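One structure is given here, and the rest of the page talks about it.
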Protein chains: 4
Amino acid sequence: MGRNFSSDHVAPACDAILSAVNKANEGFVTSYGGDELTAKLQSVASEIFEKQVAVFPVISGTAANALALSQIVPTFGAIYCHEGAHIVTDEGGAPAFFTGGAQLIGFPAADGKIRPEQLTKAVAFAEDLGIHHVKPGAVTLTQATEWGTVYGVEEIAAISAAARQHGLPVHMDGARFANALAHLGCTPAEATWKCGVDVLSLGATKNGALAADAVVFFDPAMARDFERRRKRAGHLMSKLRFVSAQLIAYLKNDLWLNNARHANAMALRMAEGLKAVAGAKLLHPVQANELFVVLSEESARSLEMQGFDFYRWSLHKPASGVTIRLVTCYATASSDVDEFLAAAALNKR
Amino acid sequence: MGRNFSSDHVAPACDAILSAVNKANEGFVTSYGGDELTAKLQSVASEIFEKQVAVFPVISGTAANALALSQIVPTFGAIYCHEGAHIVTDEGGAPAFFTGGAQLIGFPAADGKIRPEQLTKAVAFAEDLGIHHVKPGAVTLTQATEWGTVYGVEEIAAISAAARQHGLPVHMDGARFANALAHLGCTPAEATWKCGVDVLSLGATKNGALAADAVVFFDPAMARDFERRRKRAGHLMSKLRFVSAQLIAYLKNDLWLNNARHANAMALRMAEGLKAVAGAKLLHPVQANELFVVLSEESARSLEMQGFDFYRWSLHKPASGVTIRLVTCYATASSDVDEFLAAAALNKR
Amino acid sequence: MGRNFSSDHVAPACDAILSAVNKANEGFVTSYGGDELTAKLQSVASEIFEKQVAVFPVISGTAANALALSQIVPTFGAIYCHEGAHIVTDEGGAPAFFTGGAQLIGFPAADGKIRPEQLTKAVAFAEDLGIHHVKPGAVTLTQATEWGTVYGVEEIAAISAAARQHGLPVHMDGARFANALAHLGCTPAEATWKCGVDVLSLGATKNGALAADAVVFFDPAMARDFERRRKRAGHLMSKLRFVSAQLIAYLKNDLWLNNARHANAMALRMAEGLKAVAGAKLLHPVQANELFVVLSEESARSLEMQGFDFYRWSLHKPASGVTIRLVTCYATASSDVDEFLAAAALNKR
Amino acid sequence: MGRNFSSDHVAPACDAILSAVNKANEGFVTSYGGDELTAKLQSVASEIFEKQVAVFPVISGTAANALALSQIVPTFGAIYCHEGAHIVTDEGGAPAFFTGGAQLIGFPAADGKIRPEQLTKAVAFAEDLGIHHVKPGAVTLTQATEWGTVYGVEEIAAISAAARQHGLPVHMDGARFANALAHLGCTPAEATWKCGVDVLSLGATKNGALAADAVVFFDPAMARDFERRRKRAGHLMSKLRFVSAQLIAYLKNDLWLNNARHANAMALRMAEGLKAVAGAKLLHPVQANELFVVLSEESARSLEMQGFDFYRWSLHKPASGVTIRLVTCYATASSDVDEFLAAAALNKR
């Protein structure tokens, strides 16, 4: 099982979160979020973000992203993002479905991080075309990015400033927000609303939960009627206590950060080790828990034969060989990494 | 806690299901339903329904209903149902959202059960208006109904026959399917595909699960691309094993039926007891786990003051007094019922 | 041709409007509504409604209604209306499509006119169910109604007052607004914004135009981004001058009222004449240009055989015989009516 | 007026088409397309395309494109197109609205023409991601392209072949189809279904009509229920005869081709003349009725001051100067072109 680097959601839930679910299974409580745990989640999150926030638990990152975007983007709007963002390639059209037709406008960026100038240029183009074009609606950043890189706080602030100039809200897809935070070493507030983020999709599933993500509005007024959107999408669970319990456990006692730190450390250990592997080449700086590695076809195949699980990354075709993606998580052991490295090194002989 | 008769999802999960979740938390497994438990669920369900079925776990009845309907009804279609069906009054517009605009056409029926003639008449009207009207799309039955009654197998067959005549598929909202089945005493197959049901929303959440419902297609060919609908609605969970585990436990060893039988028995005990309560009047035959009772305003208020939880049912205004809904569940103790009855009887002195 | 009473859009366009189209075919002008005629339409309409209005020409009543409703109703909202309103039965699901899923909630009313109490009760029910139900979104009145009756100004005011209490905007489907106005004998302002109407679908197609309807916002601020909705629905015509020209001609020199008065007079002539026809029975007061008449089956068939065109109205099944709908229009000659009456009277001998 | 090169829909309608509208204004006829002219249009179009086709008149190119795509692409589908296609930049989000969320996936191509390899690669990527990605839905080609170039018949055939391999239908946005056809010199059949096109948006508005476009299905079976889509989008006109009349006149007596040939000839005359204008540079081969010209800022401004109308093309920023777009049409006189050329030449002294 330690040989599975295919994604961070192949792992089981961590003990503290599973315990919280078990503990939540007590007695008759009001359903649909009227329970004490869901109320408590509001205060726990508000404390952690140093601000009164409105938190809405859901059970997938796709739901969190699509619901959040549908709340802030008009149905005839444009959503500006990275061209390889999860919402563009991996959410089955959810953003357009939930918004009723908003258009994803992706920007290229080798390191996965969009730039303020790209936003400014796209909005100028939209304004030039007026009502014939979709209306600029929102910007969304993936943090950590799909390439395992992390936006710096100033980078986010610069994009937010450009967005503000055009009256656009800023959404952050934080499916791996904890990994980014662990890398940045700043506070959750500094990494979000203090640098201009309005709404956060806060992922826990990839970092140790069973199924728990949340939409966090840093201005509760922006969440008006959001509950209705969640309800009509079938994402208002009747026994919501079980998701709230996961999120409370996740945010308490630095569990989220500790899990993420471990995952990041394993990724760095892997990156370090790969330096010694002849023929292996990292595509991006390793700042979170994902690595994109160019290997020879034989090497990749040999690793697969030995039972290591990972994705061949079709989006990036190297001049020779293949690109694979390796993902570490809270449950990755250093011995798992070392085994992989040993096997990879052997292949090269 | 035993004083809560407000709904069947205020209860905790039952032990067997929670255990299954805990047990599922083993090792690294393929995500998005590629795990063994999800595969096993297919065979468990196929065995129970005596037919190769396609089962898709989700986490709410609203999701199950709206996804199922979007699969079988065109975006310009009509969905025929009871005027007080859950999809009409209690799912926040989900069916129209998921179908992209299908129209709910509700039929009145005092006992919550629509009649084949109503369907035939509505379709004739639609055909008369041609393309100006929405196109007949599907029929959906709620089993058990919102009024706690249960369609007989022949009643379902008659509606299905009328639907077939017009080429319409039949959906069953089985949020309380186990309660209906327990009442009917027939096999799951007899209560569904054998009497013409094409797709079933099979609820477990209200009958002992944490959060587990499933869309069951009795003809797997009808499920083509259904996975894409689930995905883009944010309802494809990455760690699907945790929902599949619940459903397997639910269906195994007659847990679902035993839970439902208990809930139904508690409802009957309550119904029986209410006969002795002066001024209390049952609105409908009690065939599942819901009771609709007319009480005097004073009696209702007194019960509330004593800590009994239930809904005042605004949809039905009696000539005098109020209508309340009482829901029993797998976790209702006979002493809970007896306490309620004793309090209600006292009120009347 | 004079024997066609099937609808008011089987007639050709009237001369003044066709002339205006021909005259508009002059020179190169800015497209998409940047032309002088479209600008002029704004001032013509503002003058007629005694208020600065925002007018958006489209080419069908369905487009006008659905666009207007999508502007004022949230995608998770309820639209309150008569159960037999055109938007419910005859627009192919357009309101749900344009709003992205809003739900039509129809009230019964034998004379086609909904009552304030019905609205109040429905909103109370919605509020009782909270986020589980669709959110109260708007009220829409059909004026003249589908049954050829006309809301009085005070009746509209009473409904508007009830709507205001719940913060709901009021839409009027005025496909036959001119006919209603001709009946009421009041000013356009009195029949709309002065009694609480916020948005009007103003029909011209049924009253002498080729293809021209308009959405009229009585508060231009309510029309924010409406142009984007029209554009993305494919209803922003590039050569908009040709529709604006029709609407200007329609509103100028009382053409709309004169056409409507004639149509209404023909309907009354028909109603008067039918009194003398044995076995014929009018279902509703004739206040606009539609008549619903119960005839014997033989009589109806005989009229059809003689080449008279009309609809058999399946929505209303009389105890014996059939219900037919007769529609008069600006182009109906009194001799057409007299011929019909003569034929109907003969049938009865 | 001859100084307006901003677009081909700033011109009035041509005489033959306006005459046809006037002539259509005869008598009472069945509405909603049940009239003789609409029936005749089917046969006229079938003759011209040498095949039984199904034709649906609408009043804008946006409506034609969005309706056509919604018919052939699933709501969770991908639409492959050029990144600068009209549906991507200039239709206000209509394709996503009409399809209920399909995603536009644009390919770059300097000459406006996508390549089969781009399609093949994109589909391979989609298949690699499976249900996480939108499902390959359709390919759409703009003919003539947005850059005034024209796909050759073999180019279309090659793309169609690639589409067929993946089971994808081929749509052609023919807002300027007549201009393309005039350039190609082949038959309408050769330019469409014979090289694999399944559905055509056939534009007439830009080439001499008042407001007339049509969706043409080369396999009528593909048009099943299409009328319902048109209806619920508000695009089924009651007096459809007026649009059908335009389209018949357009297709008869080679009017469409003659108009397009003239427009193309004027564009070539302009292109030829610009060769002599110092500092003017054409960006693309001129194959239809659009020219993209790089000029100095002073020259552009001077032309504007002299009353020439054209767009500055923000999408293309030259190293120095500005890019302008010039559009000729059926009503452009050679003297108009010559005046422009003279003025442009003078600027350069």
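Evaluation of residue C:30 against the conditions (1) surrounded by 20 or more Cβ atoms within 10 Å (Cβ to Cβ); (2) at the interface with another protein chain (Cβ under 8 Å from one of its Cβ atoms); (3) out of contact with any Gly (no Cβ under 6 Å at 6 or more places or on another chain) shows that the sole unmet condition is (1). Residues of region C:115-151 that are touching a helix residue (DSSP H, G or I) at 6+ places or on another chain (Cβ under 7 Å) and under 26 Å from residue C:186 (Cα atoms): C:116, C:119, C:138, C:139, C:140, C:141, C:142, C:143, C:144, C:146, C:150. For region A:319-349, taking the residues that are in a loop (DSSP other than H, G, I, E, B) and surrounded by 14 or more Cβ atoms within 10 Å (Cβ to Cβ), the one that is modelled with the lowest pLDDT is identified as A:348. Each residue in region C:236-255 was checked for being assigned to a helix (DSSP H, G or I) and either in contact with a helix residue (DSSP H, G or I) (Cβ under 7 Å, 6 or more places away or on another chain) or charged (D, E, K, R) (or both), and 13 pass. The residues of region D:16-51 that are under 22 Å from the mean Cα position of the chain (by Cα) and either at pLDDT below 95 or over 26 Å from residue C:24 (Cα atoms) (or both), listed by number, are D:42, D:44, D:45, D:46, D:47, D:48, D:49, D:50, D:51.
Can you confirm whether region B:169-178 contains a residue that is touching a helix residue (DSSP H, G or I) at 6+ places or on another chain (Cβ under 9 Å), part of a helix (DSSP H, G or I) and surrounded by 24 or more Cβ atoms within 10 Å (Cβ to Cβ)? For region B:169-178, residues touching a helix residue (DSSP H, G or I) at 6+ places or on another chain (Cβ under 9 Å), part of a helix (DSSP H, G or I) and surrounded by 24 or more Cβ atoms within 10 Å (Cβ to Cβ): present.
Restricting B:267, B:271 to those that are outside any loop (DSSP other than H, G, I, E, B) and without any contact (Cβ under 8 Å) to a residue 60 or more places away in the chain reduces the list to B:271. Considering each residue of region D:145-152 in turn, none proves to be more than 14 Å from chain B (Cβ to nearest Cβ), outside any helix (DSSP H, G or I), surrounded by fewer than 20 Cβ atoms within 10 Å (Cβ to Cβ) and touching an Asp or Glu at 6+ places or on another chain (Cβ under 7 Å).
Among the residues of region A:1-35, those that are without any contact (Cβ under 8 Å) to a residue 12 or more places away in the chain and not polar (S, T, N, Q) comprise A:1, A:15, A:26, A:27, A:28, A:34.
Of all residues in region A:47-60, exactly one satisfies the criterion of being in contact with a strand residue (DSSP E or B) (Cβ under 6 Å, 6 or more places away or on another chain), surrounded by fewer than 24 Cβ atoms within 10 Å (Cβ to Cβ) and not β-branched (Val, Ile, Thr), namely A:54.
Within region A:313-320, is even one residue polar (S, T, N, Q) and closer than 24 Å to residue A:176 by Cβ? Full working, then the answer.
Let us first name the residues in region A:313-320 that are polar (S, T, N, Q), namely A:314, A:320.
Add one more test, that the residue is closer than 24 Å to residue A:176 by Cβ, and what stays is A:314.
Yes, region A:313-320 contains a residue that is polar (S, T, N, Q) and closer than 24 Å to residue A:176 by Cβ.
The residue of region D:205-222 that is farthest from residue C:96 (Cα to Cα), among those that are within 12 Å of another protein chain (Cβ to nearest Cβ) and in a strand (DSSP E or B), is D:213.
Name the residues in region C:257-278 that are touching a strand residue (DSSP E or B) at 6+ places or on another chain (Cβ under 9 Å) and crowded, with 17+ Cβ neighbours inside 10 Å, would you?
Of region C:257-278, the ones touching a strand residue (DSSP E or B) at 6+ places or on another chain (Cβ under 9 Å) are C:263, C:267, C:270-271, C:274-275, C:277.
Listed by number, the residues that qualify are C:263, C:267, C:270, C:271, C:274, C:277.
Tell me, yes or no, whether region C:223-234 has at least one residue that is closer than 15 Å to residue C:33 by Cα, within 9 Å of chain D (Cβ to nearest Cβ), part of a loop (DSSP other than H, G, I, E, B) and in contact with a Leu (Cβ under 8 Å, 6 or more places away or on another chain). Yes.
Here is a check on your reading of the model: is residue D:31 out of contact with any helix residue (DSSP H, G or I) (no Cβ under 8 Å at 6 or more places or on another chain) and closer than 29 Å to residue D:312 by Cβ?
Working: out of contact with any helix residue (DSSP H, G or I) (no Cβ under 8 Å at 6 or more places or on another chain): yes; closer than 29 Å to residue D:312 by Cβ: no.
When the stated conditions are applied, residue D:31 does not pass them.
Please indicate, with yes or no, whether at least one residue in region B:208-220 is among the charged types (D, E, K, R), touching a strand residue (DSSP E or B) at 6+ places or on another chain (Cβ under 7 Å) and modelled with pLDDT of 95 or more. Outline the logic, then answer.
As a first pass, look at region B:208-220 and keep what is among the charged types (D, E, K, R): B:213, B:219.
Applying the additional criterion that residues be touching a strand residue (DSSP E or B) at 6+ places or on another chain (Cβ under 7 Å) yields B:213.
After this cut, where a residue has to be modelled with pLDDT of 95 or more as well, the list is B:213.
Looking through region B:208-220, at least one residue is among the charged types (D, E, K, R), touching a strand residue (DSSP E or B) at 6+ places or on another chain (Cβ under 7 Å) and modelled with pLDDT of 95 or more.
The single condition among (1) within 9 Å of the chain's Cα centre (by Cα); (2) part of a helix (DSSP H, G or I) that residue A:183 does not meet is (1).
State whether one or more residues within region A:276-298 are in a helix (DSSP H, G or I), modelled with pLDDT under 95, of a type in the set (Asp, Glu) and out of contact with any helix residue (DSSP H, G or I) (no Cβ under 9 Å at 6 or more places or on another chain). Talk me through it step by step, then tell me what you get.
To start, the set of residues in region A:276-298 that are in a helix (DSSP H, G or I) comprises A:297-298.
Going one step further and asking which of them are modelled with pLDDT under 95, we end up with A:297-298.
When the remaining residues are screened for being of a type in the set (Asp, Glu), the result is A:297-298.
Subsequent filtering for residues that are out of contact with any helix residue (DSSP H, G or I) (no Cβ under 9 Å at 6 or more places or on another chain) retains A:297.
For region A:276-298, residues in a helix (DSSP H, G or I), modelled with pLDDT under 95, of a type in the set (Asp, Glu) and out of contact with any helix residue (DSSP H, G or I) (no Cβ under 9 Å at 6 or more places or on another chain): present.
When D:255, D:202, D:251 are checked against the criterion of being more than 9 Å from chain C (Cβ to nearest Cβ) and within 30 Å of residue D:137 (Cα to Cα), a single residue qualifies: D:202.
Tell me yes or no: at least one residue of region A:275-295 is among the acidic types (Asp, Glu) and within 14 Å of residue A:325 (Cα to Cα).
So the first thing to find is which residues in region A:275-295 are among the acidic types (Asp, Glu), and the list is A:290.
Checking the rest, the ones that are also within 14 Å of residue A:325 (Cα to Cα) come to A:290.
The answer is yes, given that some residue of region A:275-295 is among the acidic types (Asp, Glu) and within 14 Å of residue A:325 (Cα to Cα).
Selection over region B:33-54 of residues that are among the β-branched types (Val, Ile, Thr) and within 14 Å of chain A (Cβ to nearest Cβ) gives a count of 1. Return a yes/no flag: does region C:70-87 have any residue that is touching a residue at least 60 places away in the same chain (Cβ under 8 Å), more than 9 Å from chain D (Cβ to nearest Cβ), surrounded by fewer than 21 Cβ atoms within 10 Å (Cβ to Cβ) and closer than 24 Å to residue B:66 by Cα. Yes, region C:70-87 contains at least one residue that is touching a residue at least 60 places away in the same chain (Cβ under 8 Å), more than 9 Å from chain D (Cβ to nearest Cβ), surrounded by fewer than 21 Cβ atoms within 10 Å (Cβ to Cβ) and closer than 24 Å to residue B:66 by Cα. Tell me yes or no: at least one residue of region A:118-136 is within 28 Å of residue A:57 (Cβ to Cβ) and more than 10 Å from chain D (Cβ to nearest Cβ). Checking region A:118-136: not a single residue is within 28 Å of residue A:57 (Cβ to Cβ) and more than 10 Å from chain D (Cβ to nearest Cβ).
Based on this model, can you work out whether residue B:63 counts as closer than 30 Å to residue A:14 by Cβ, facing another protein chain (nearest Cβ under 9 Å), buried (at least 24 other Cβ atoms within 10 Å of the Cβ) and touching a Leu at 6+ places or on another chain (Cβ under 6 Å)? Judged against the criteria, residue B:63 is not a match.
Within region A:95-107, identify whether any single residue is within 14 Å of chain D (Cβ to nearest Cβ), out of contact with any helix residue (DSSP H, G or I) (no Cβ under 8 Å at 6 or more places or on another chain) and in contact (Cβ under 8 Å) with a residue 60 or more places away in the chain, and answer yes or no. No, there is no match, as no residue in region A:95-107 is within 14 Å of chain D (Cβ to nearest Cβ), out of contact with any helix residue (DSSP H, G or I) (no Cβ under 8 Å at 6 or more places or on another chain) and in contact (Cβ under 8 Å) with a residue 60 or more places away in the chain.
Can you confirm whether region D:245-263 contains a residue that is basic (Lys, Arg) and in contact with a Leu (Cβ under 8 Å, 6 or more places away or on another chain)? Steps first, answer last, please.
Narrowing region D:245-263 to residues basic (Lys, Arg): D:252, D:261.
Right, trim to in contact with a Leu (Cβ under 8 Å, 6 or more places away or on another chain) and you get none.
No - not one qualifying residue is present in region D:245-263.
The single condition among (1) within 18 Å of residue B:53 (Cβ to Cβ); (2) in contact (Cβ under 8 Å) with a residue 60 or more places away in the chain; (3) more than 11 Å from chain A (Cβ to nearest Cβ) that residue B:191 does not meet is (2).
The values are calculated or read from the model by the stated rules, or taken from the named source; none is laboratory data. Since this is a predicted model, take the numbers as computed values, not measurements. With ideal geometry, Cβ positions are generated from the backbone for all residues, glycine too; neighbour counts draw on all protein chains shown.
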